[in-house]
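Input: a single structure, listed below in structure tokens.
The values are calculated or read from the model by the stated rules, or taken from the named source; none is laboratory data. If you're wondering where the values come from, they're calculated on a predicted model, not measured in any experiment. Cβ placement follows ideal geometry from the backbone for every residue including glycine, while neighbour counts extend to all protein chains displayed. For accessibility, only protein heavy atoms count, side chains too; no ligands or nucleic acids. Shrake-Rupley method; radii C 1.70, N 1.55, O 1.52, S 1.80 Å.
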Amino acid sequence: MRDFLRLLARNQLALAGLIVLSAVVLLALVTPLLPLQAPNVTNTGDRFLPPFTEGHLLGTDHLGRDLFSRLMYGTRLSLAVGFAAAVIAAVLGAAIGILAGYYGGRTDNVIMRGVDMLMAFPYILLALAIVAALGPGLLNALVAVAAVNIPFFARNIRGITVGIAHKEFVDAARLSGMGDMRIMLGEVLPNVIPVIVIAMSTTVGWMILETAGLSFLGLGSQPPVADLGSMLGEARSALITNPHTSVVPGVMILIIVMAINLLGDGIRDALDPRLRSGALTRPMAATTVRRDGPVPEAREGALLDIRELQTQFHVKKRVYRAVGGVDLEVKPGECLGLIGESGSGKSVTALSVMGLVASPPGVITGGRVDYKGTDLIGARYEQLRTLRGREIAYIFQDPLATLHPLYKVGDQLIEAMTAHGRAPKEGARQKAIELLKSVRIPNAEKRIDSYPHEMSGGMRQRAGIAMALANDPEVIIADEPTTALDVTVQAQILSLLDDLRRSRGLAIIFITHDFGVVAQLCDRVAVMYAGRIVEEGPTAEVLATPAHPYTKRLIACVPELGEGRRKLAAIPGLPPPVDDLPPGCAFAPRCAKATPACTEPPIELMPFAGTRAVRCIHPENDAAAREAAE
Ligand code: ADP
Ligand code: MG
């Protein structure tokens, strides 16, 4: 709640709206307590007194009634009717929407067709018809305005509810034995309330206007009682001769509706988390690059060389250092494992290579990604585009999310080839079948015409790998490609990647959080923690004698079959938030060996036992590793 108010206050227009509206509402609330003249007492001797006359601050109307007093009582009435109509429309509309969306099927059909019928009439015409049927009067005007706005809420809320009613947490509630009513109130309603509030805040102003319109036509409040609309209506005949009688209620309507709309926009922006993080702004084609420091040199012999890469997320005033100076290299035909807890920056590192981090908020602030002698950071977009998928390809974690649900797998494979103009139109299908065969999809000739949802998770992931292979890339970056799969399929995919690497000389960067996978596939491994590499070296050596305490704890978390009753040691504590990294070693707060020196900046990646490197001043297995190296 405090967060919401803070966000709202940051939006100055909304804040102004809030202040003005609060002042008007407050005045309306205390109106009966103010020493005002009676609003409905006529005094024809004092007709059309101009504003600022003694005793009549805003003058008098055509019957000599005090305009200020009438304005205050009229505002009170208009606000009350407008808000009441909004609440009634929201409650009934939301109830209808939730019922229709939750039950679906025939219930949905019957209810929504009824709503559609209401929507088929122009707003104001329908309201007029309702008032004509019920008879003029403020209460009937309220009913009419509420009724014509119900469909708007019902449609909105139904749409949201349909999405929610099929979510797993609703299924879980049903499985736990809850009744429909409790699910709707306890599970669905809290999820649609923000939408209801947003819809209300943006329509209250409109409803006040509609009520005023009905009163203006003489169908709302009846004389002598004033609301803002009827005051305007009565002043109409004196519009030219005594304009102040129209200006006074007119300005009040303007102020109220403006304030409500400004506030409503502010509420919508503050409640919608997507608007907050700026996610609705379209990401740019390539990640923004803002390198201030010197660009490091590439190393000899590497195919893809990542040097001191820094990628940050700039969200408002916060800076999230997701990748804080990462060094990695792969040689042709080599497989490098990148391992770390969730949130350690593995994906962001991988995406930075090809400028695929969404900008805004992502910014690459330093380093170099060298591919065959060209620096990819800050390369022209056209150049990145020709390399994406053709020289450096990606395999992502969730194959269902990366395959387009409406196209056949074969067509997507062909598209991956034709995007780089690599395949002749006729031969493309044959090549796609061969690709599917090469990733061992059974019955590839038939499977090429399957849609993604017709395949199992393992098959989809293999189709994803086939797409990555479509253009014979030099490097494949695989971001947790087997995390969503069961172990047997995982084993197949790992051996498939291993074969491909040997037969095609592919370089692979394999991202995972599983040391078992690394041991099976990777020549070398880099361990990542809080956006930095903390240890790097040949897989076998790192596994046998881990040097960084974090690596050691990570390995201790891996269960081993047939290893007796070793206790699995979870690592206590959590990784540090990347917008507030501690100076010195980021792992120190969780490390049993930490000393005061560990918290003093900075700790560099130091050579360790010849071929390895570690970012720790108290490495484990120091002597053992040295011995093994000699
Ligand atoms: P993982 O190692 O699990 O792949 P990621 O690379 O996805 O981790 O994320 C690294 C860090 O970057 C995380 O702390 C995450 O919270 C942060 N991050 C990722 N995307 C964004 C974003 N759009 N805005 C702010 N922070 C982000
Ligand atoms: Mg990830």
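For the reader, a short list of remarks on this structure follows.
- The residue that is nearest to ligand 2 (Cβ to nearest atom), counting only those in the range 531-554 that are buried (at least 24 other Cβ atoms within 10 Å of the Cβ) and among the polar types (S, T, N, Q), is 551.
- Residues (crowded, with 19+ Cβ neighbours inside 10 Å and more than 8 Å from ligand 1 (Cβ to nearest atom)) located in the range 328-341: 328, 329, 330, 334, 335, 336, 337, 338, 339
- Just so you know, in the range 475-530 the residues that are surrounded by fewer than 17 Cβ atoms within 10 Å (Cβ to Cβ) and basic (Lys, Arg) include one that is nearest to residue 402 (Cα to Cα), and it is 504.
- For the range 226-246, residues that are farther than 20 Å from residue 28 by Cβ and part of a loop (DSSP other than H, G, I, E, B) total 5.
- The range 237-264 residues that are in the same structural domain as residue 12 (by TED's automatic domain parsing), paired with ones that are charged (D, E, K, R) (beta carbon under 6 Å, 6 or more apart): 245/61
- Boolean, residue 426 is open to solvent by 70 Å² or more (accessible area, probe 1.4 Å) and either away from ligand 2 (no atom under 16 Å from the Cβ) or polar (S, T, N, Q) (or both): yes
- Selection status of residue 470, in contact (Cβ under 8 Å) with a residue 60 or more places away in the chain, within 16 Å of ligand 1 (Cβ to nearest atom) and not β-branched (Val, Ile, Thr): no
- On inspection, residue 376 fails the criterion of being within 16 Å of ligand 2 (Cβ to nearest atom) and either modelled with pLDDT under 90 or of a type in the set (Ser, Thr, Tyr) (or both).
- Enumeration of residues in the range 290-318 that are closer than 18 Å to residue 351 by Cβ and either without any contact (Cβ under 8 Å) to a residue 12 or more places away in the chain or hydrophobic (A, V, I, L, M, F, W, C) (or both): 304, 306, 309, 313, 315
- Residue list for the range 196-239, restricted to those being open to solvent by 40 Å² or more (accessible area, probe 1.4 Å) and within 27 Å of the chain's Cα centre (by Cα): 197, 200, 202
Let's see how each residue does on (1) assigned by TED's automatic domain parsing to the domain that holds residue 500; (2) in contact with a helix residue (DSSP H, G or I) (Cβ under 6 Å, 6 or more places away or on another chain); (3) within 14 Å of ligand 1 (Cβ to nearest atom):
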position: 311; (1), (2), (3): yes, yes, yes
position: 343; (1), (2), (3): yes, no, yes
position: 363; (1), (2), (3): yes, no, yes
position: 387; (1), (2), (3): yes, no, no
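- In the range 583-630, the qualifying residues are those that are closer than 15 Å to residue 542 by Cβ, of a type in the set (Lys, Arg) and not in a loop (DSSP other than H, G, I, E, B), and the one that is modelled with the highest pLDDT is 612.
- Residue check, residue 343 within 16 Å of ligand 2 (Cβ to nearest atom) and touching a Pro at 6+ places or on another chain (Cβ under 8 Å): yes
- Residue 457, sole failed condition from (1) without any contact (Cβ under 8 Å) to a residue 40 or more places away in the chain; (2) touching a Leu at 6+ places or on another chain (Cβ under 8 Å): (1)
- Filtered residues of the range 12-22 (kept if open to solvent by 50 Å² or more (accessible area, probe 1.4 Å) and closer than 14 Å to residue 257 by Cα): 13, 18, 19, 20, 22
- Residues being among the acidic types (Asp, Glu) and either at positive phi or within 34 Å of the chain's Cα centre (by Cα) (or both) are entirely absent from the range 489-511.
- Restricting attention to the range 346-366, the residues being at pLDDT below 90 and among the small types (Gly, Ala, Ser) number 5.
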